[in-house]
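In what follows, a structure is listed as structure tokens, so that the remarks can point back to it.
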Amino acid sequence: GSMPIVSDAQNYYEQATRLVQKFPGDVEYFWPPGVPYLLAMFYAILGNSILVSRLVMICISALNVMLVVKLSEQVLPERRFAHWAGWLAAFYPPDIFISGQTYTHTLALLCILGTTYFLFLGIKTHQWRYFAFTGLALGWGSLTRPSMLSVGVILFVVWLFIFIRNRIRKTGDTVPS
């Protein structure tokens, strides 16, 4: 609790503080705005403090563990394996050692897990709302770490493969493995 917000995390904290005072501000963003936007929303409701920052980041870490379990349940053959994956995620060293710091990796992980999980649900249930959540998670992830835009290319390839496979199934031809 006595460790201050440090390094890049301090810059994200300060950017979020400026966003609450004046949105979108008149200074260019040197850092991607995903974390500061999220923090600014909570600062607007709960007040600007390091405690709020820490609680937000710790809650995101907890959500990451939950999403690891939920995603693992979708792809692993037994539920106990998903629980083991959750335990591994709970003891992920960066989340333990810099817990509460406002670095981007915690939010970026949440976004990539959310993107993958909602994509699985959308494909499985054919409900468009899950595809919308996939897009929101990928969009926020891209605001957090712009390199996540490359995931959109992968998602398009996955969608194209599934689309072609479903068209082949509808016509009665054999489906490539």
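Data table
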{"item": "Which numbered condition residue 7 misses (of (1) surrounded by fewer than 13 Cβ atoms within 10 Å (Cβ to Cβ); (2) of a type in the set (S, T, N, Q); (3) modelled with pLDDT of 80 or more)", "result": "(3)"}
{"item": "Residue 108 being small (Gly, Ala, Ser), part of a helix (DSSP H, G or I) and either at pLDDT 95 or above or within 15 Å of residue 162 (Cβ to Cβ) (or both)", "result": "no"}
{"item": "Test: residue 32 is in contact with a helix residue (DSSP H, G or I) (Cβ under 8 Å, 6 or more places away or on another chain) and open to solvent by less than 80 Å² (accessible area, probe 1.4 Å)", "result": "yes"}
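Here is a yes/no grid of residues against (1) among the hydroxyl-bearing types (Ser, Thr, Tyr); (2) at pLDDT below 80; (3) surrounded by fewer than 18 Cβ atoms within 10 Å (Cβ to Cβ):
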site	(1), (2), (3)
115	yes, no, no
118	no, no, no
126	no, no, yes
132	no, no, yes
159	no, yes, yes
168	no, no, yes
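The values are calculated or read from the model by the stated rules, or taken from the named source; none is laboratory data. This one's a predicted model, so the numbers in the text were calculated from it and none came from an experiment. Cβ sites come from the backbone with ideal geometry, for glycine too, and all protein chains shown count toward neighbours. For accessibility, only protein heavy atoms count, side chains too; no ligands or nucleic acids. Shrake-Rupley method; radii C 1.70, N 1.55, O 1.52, S 1.80 Å.
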